[in-house]
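Participant: Can you read through this structure? Questions will come right after.
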Number of protein chains: 2
Amino acid sequence: MAAAEETSKSSEAFPMKGGDGPNSYTKNSIYQRGAVDVAKQLLDKEIAEKLDIEISLPSNTFNIADLGCSVGPNTFSSVENILEAVQLKYQCQGLDSQIPEFQVFFNDHILNDFNMLFKSLPPNRQYYAAGVPGSFYGRIFPNNSIHLVHSSSSNHWLSRVPKEVVDKNCPAWNKGEIHYSNSTNEVVKAYEAQYAEDMECFLHARSREVVSGGLMVLIIPGRPNGTPHSKTLPNMMLQLLGTSLMEMARKGVVLEEKVDSFNIPMYYMSPQELEAAVEGNGCFSIEKIENLPSALADGASIETRVLGYHMRAAADALIKQQFGEEILDELFDLYCKKLEEKPSIFESGKGINFLAVLKRKPN
Amino acid sequence: MAAAEETSKSSEAFPMKGGDGPNSYTKNSIYQRGAVDVAKQLLDKEIAEKLDIEISLPSNTFNIADLGCSVGPNTFSSVENILEAVQLKYQCQGLDSQIPEFQVFFNDHILNDFNMLFKSLPPNRQYYAAGVPGSFYGRIFPNNSIHLVHSSSSNHWLSRVPKEVVDKNCPAWNKGEIHYSNSTNEVVKAYEAQYAEDMECFLHARSREVVSGGLMVLIIPGRPNGTPHSKTLPNMMLQLLGTSLMEMARKGVVLEEKVDSFNIPMYYMSPQELEAAVEGNGCFSIEKIENLPSALADGASIETRVLGYHMRAAADALIKQQFGEEILDELFDLYCKKLEEKPSIFESGKGINFLAVLKRKPN
């Protein structure tokens, strides 16, 4: 049995803020939602062109997994989009009567608020719903059991903070920073290595779980090919968060050592990096990699403060764990102020969401 | 798609008390655990004799569903027992190398504490785990997707309180009582009809979900054939709970109308009643129906107060919803006192746990 071995692969949990309060992920995931919406048309086209509907035979159940689903509601829109696209494919081929049943596996870390997710399930859904707790960097499903994997705004989370960057005795110690974009080469290399290892684990696990001909649709927040880490917008935003924390350390609100030992386990890959990982794995063909139109294109319409809240919803649990809940309001007030003072980063910084469609090669 | 239609079947949720506090189900399910333990040997034998191992082909995944799993830990022992019995069957046939992967679906009402369940999952489990929220009186899985259904101490929960018994204008209005064992014939008939309808729905849903040759193993708290409802031990215990509530109504602690409109949706079926339902459904053969040795056999060793706590863990949410949390301590103190004053009910009242093994006939 591989299950015990492969699911025990150690990785840390970074749940989004649960519940539905003003700082919750539910109320602060419009940006992520934007990525889902702009992907819909592309997704319809990809499913229409690339999906072999025979893969749901002989059971005639079509199994969809949404990895890193958080607590909704974005996951429900994504699943609904996919389901409609698959149904449409059957209808266009005149196979209405053979439309399969759908089972949807909502996956996220074990500390995700599944209670909230389940309570928010759309009452008129056309699928059987299941929650699957566990890190998607390990095995979470049986062999050959999933027909379509979807994951949106999740693959930029690493499985853990690279060990070296929090080790005082290591040249990659990331003193005074909470991310890698303004750090030494050693720190950057440690993050890059962690990403490479994680993506290898991700693709290996999925290569076992996805049926031959099955699709993987990933929406990934990343950086354009050729853009250095230091010019990547989300990295620049994280660096400002680090600056805010260091400022609070200087004021004595938080301990500097706590900032030194705190790192955000996010990595913004380029499409080229993903391509290299997929080729290294060898089990998937790349059907498409395409930048999505930016949800931020209409720049003025998303206020920097809103982006600040998004960051808070995403990083809330991590920061609380390290520094305590009491610093959150002050930190994010300061952070939003810094964002507003530096509108230039939204011009000089480059960030993309890109869609990757991978197809499981025959075994 | 049947999913939307069948899962939307209205039914109410009666979650066990979540968390792991002193009154939680986790800490107060020893009685239910006893039923699981005494069933183990019987279960091993049944699986060895009755399971066709070919049913897990061609996917070579064996899907187990535990219905009404609550929050653990009993569900984990049950699943472990089943998994070992299935593995043993393969080994005894010299098919060690063909042992399938296991996926376990933990099902309970949508208000069950799945977060707690997921956090308690055994770290070295040999299966992929998923949580499935929803009433097992409706469809919760795709067609032909489950190889073995297990359910312990769950089928005595009805999907709802029969409507008539809370309707003042109905001859079946159950004034002054919270259950049916001391009530008019009309009330008893309303409960019997609800049971019959629910069991029909249960068997119909499972007949679609369980593969041909798949097994259903049910451990059901019930009454011996021929025993009237009024002489059934759990009914007598529930009646005492009703008496306690009425006493509090007389003292003015709770409103009498609230007691009148409160009914416990539990029904203790006899093996004969189950047989009739299975025959009526027609899709399952009865492989075995057998009384389990009583977990209460060593009568003196389980104190009445412990039984009182068990009742509290099970009925906590229902009572809180109707009367408010503040009455719980007083109510269960009074109830335990009444149980201690009436040791005779443990002699005159009859209660059984019985094991039913059903096999899905070929389509």
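The values are calculated or read from the model by the stated rules, or taken from the named source; none is laboratory data. Note that the structure is predicted; figures quoted are calculated from it, not measured. Positions of Cβ are generated from backbone atoms using ideal geometry, with glycine treated the same way; all protein chains shown enter the neighbour counts. The protein model used for the area step is the full one, side chains on, heavy atoms only, and it has no ligands, DNA or RNA in it. Shrake-Rupley method; radii C 1.70, N 1.55, O 1.52, S 1.80 Å.
Participant: Assuming residue A:255 fulfils every condition listed in (1) open to solvent by less than 70 Å² (accessible area, probe 1.4 Å); (2) free of Cβ contacts under 8 Å to residues at least 24 places away in the same chain; (3) among the hydrophobic types (A, V, I, L, M, F, W, C) apart from one, which condition is it?
Facilitator: Residue A:255 satisfies all of (1) open to solvent by less than 70 Å² (accessible area, probe 1.4 Å); (2) free of Cβ contacts under 8 Å to residues at least 24 places away in the same chain; (3) among the hydrophobic types (A, V, I, L, M, F, W, C) except (1).
Participant: Could I ask something else about it? Being within 23 Å of residue B:353 (Cβ to Cβ) and part of a strand (DSSP E or B) is true for just one of B:215, B:238. Which residue is that?
Facilitator: Of B:215, B:238, the one residue that is within 23 Å of residue B:353 (Cβ to Cβ) and part of a strand (DSSP E or B) is B:215.
Participant: Right, another one. Restricting to the stretch B:158-168, and then to whatever is part of a loop (DSSP other than H, G, I, E, B) and modelled with pLDDT of 95 or more, can you tell me which residue is nearest to residue B:232 (Cα to Cα)?
Facilitator: B:158
Participant: Of all residues in the stretch A:49-89, which are assigned to a loop (DSSP other than H, G, I, E, B), among the aliphatic types (A, V, I, L, M) and in contact with an Asp or Glu (Cβ under 8 Å, 6 or more places away or on another chain)?
Facilitator: Selection gives A:71 alone.
Participant: Among the residues of the stretch A:194-203, are any within 29 Å of residue A:335 (Cα to Cα) and at pLDDT 95 or above?
Facilitator: yes
Participant: Name the residue that is nearest to residue B:140 (Cα to Cα), counting only residues in the stretch B:90-126 that are assigned to a helix (DSSP H, G or I) and open to solvent by 20 Å² or more (accessible area, probe 1.4 Å).
Facilitator: Within the stretch B:90-126, the match that is nearest to residue B:140 (Cα to Cα) is B:115.
Participant: Pick out the one residue from A:293, A:265, A:234 that is under 30 Å from residue A:42 (Cα atoms), open to solvent by 50 Å² or more (accessible area, probe 1.4 Å) and of a type outside the set (Phe, Trp, Tyr).
Facilitator: Within the list A:293, A:265, A:234, the selection yields A:293.
Participant: Scan the stretch A:216-230 and give yes if some residue there is buried (at least 16 other Cβ atoms within 10 Å of the Cβ), of a type in the set (A, V, I, L, M, F, W, C), farther than 20 Å from residue A:314 by Cβ and at pLDDT 95 or above, otherwise no.
Facilitator: Yes, the stretch A:216-230 contains at least one residue that is buried (at least 16 other Cβ atoms within 10 Å of the Cβ), of a type in the set (A, V, I, L, M, F, W, C), farther than 20 Å from residue A:314 by Cβ and at pLDDT 95 or above.
Participant: Still on this structure, I have one more. State which residue is nearest to residue B:264 (Cα to Cα) when the search covers only the stretch B:177-196 and only residues that are touching a Gly at 6+ places or on another chain (Cβ under 8 Å) and open to solvent by 10 Å² or more (accessible area, probe 1.4 Å).
Facilitator: Per the stated criteria, the residue is B:177.
Participant: Let me ask you something else. Among the residues of the stretch A:120-170, how many are farther than 24 Å from residue B:56 by Cβ and away from every other protein chain (no Cβ under 14 Å)?
Facilitator: Total meeting the criteria: 22.
Participant: Look through the stretch A:105-119, keep the residues that are more than 7 Å from chain B (Cβ to nearest Cβ) and touching a Ser or Thr at 6+ places or on another chain (Cβ under 9 Å), and return whichever of them is farthest from residue A:210 (Cα to Cα).
Facilitator: A:116
Participant: Can you tell me which residue within the stretch A:157-176, out of those that are among the aliphatic types (A, V, I, L, M) and over 17 Å from the mean Cα position of the chain (by Cα), is surrounded by the fewest Cβ atoms within 10 Å (Cβ to Cβ)?
Facilitator: Filtering first and then ranking leaves A:166.
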